[in-house]
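Before any comments, here is the structure.
Just so it is clear, none of the values below were taken in a lab; they were calculated from the coordinates. Note that this is a predicted model, so its numbers are computed, not measured. Neighbour counts run over all protein chains shown; Cβ positions are idealised from the backbone, glycine included.
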Amino acid sequence: MLELLQDLGAHCEWADAVFFHTWGKGPARDQEELRKRVQHILSVQQAFLAVLRGDIPSLPGDEPAPAYAELKDWAVCVHGELNAQVASLGEGDLVRQVQVPWIPDCTISVQDALMQSRLHSQHHRGQCMTRLREFGGEPKNVDWIIWVWKQKPGARWT
């Protein structure tokens, strides 16, 4: 299961990098709705990282969404930290229970927390790709099967 979770993390980072590359060269780069949604994706990834580390997560309030460049830098950072956290785990660590403080009485395994963080990102990334098209951009297919077919490439952030 650990190998699958590592692959899910690598796919998530690759897909986010493709999204950022596509978003950055399109007409929606400064679109507030997209910046808010990406802020949400990254905030949840950061929150799950805090949960895994035993820290108290902080979620954003109603402040304005960061600019594209700041969001991209944040994405690079949070993916690096999440992937390092997963790399430090052994199979036995996956059953450890963690508390998800933003859902009352929600205690889940590390394995489920990692799965949720990746699937949550996938869900919202799909929404973002759809919005890119609506704003005149050209979204890319970042499905798991495309990543596997391309021989599981690493994320290209530049």
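Points to keep in mind about this one:
- Cα extents for the range 78-158 along the principal axes, largest to smallest and rounded to whole angstrom: 44, 32, 23.
- Positive-end ranking of P153, H123, S43 along the dipole of the chain, with charges on Cβ about the Cα centre, is headed by P153.
- Dipole of the chain [Lys/Arg +1, Asp/Glu -1 at C-beta], most positive-end residue of V110, Q6, W144: W144
- In the range 2-149, the convex hull through the Cα atoms has an average projected area of 8.8 nm², a quarter of its surface area.
- Shape class for the range 1-88: oblate, because the ratio a/c of the largest to smallest gyration tensor axis (alpha-carbon atoms, square roots of eigenvalues) is 1.5 or more and b/c is at least a/b.
- Rounded to the nearest 20 debye, the dipole magnitude of the chain is 520 debye, with +1 charges on Lys and Arg beta carbons, -1 on Asp and Glu beta carbons, and the Cα centre as origin.
- For the residue pairs K36/K72; K72/K150; K36/K150; K25/K140, the C-alpha atoms sit more than 19 angstrom apart in K72/K150; K36/K150.
- Cross-link reach list, aspartates and glutamates versus K152, counting only Cα pairs under 18 Å and skipping chain neighbours closer than eight places: E3, D7, E13, D16, D143
- The separation of the range 113-158 from the range 23-88, counted between C-alpha centres, amounts to 14 Å.
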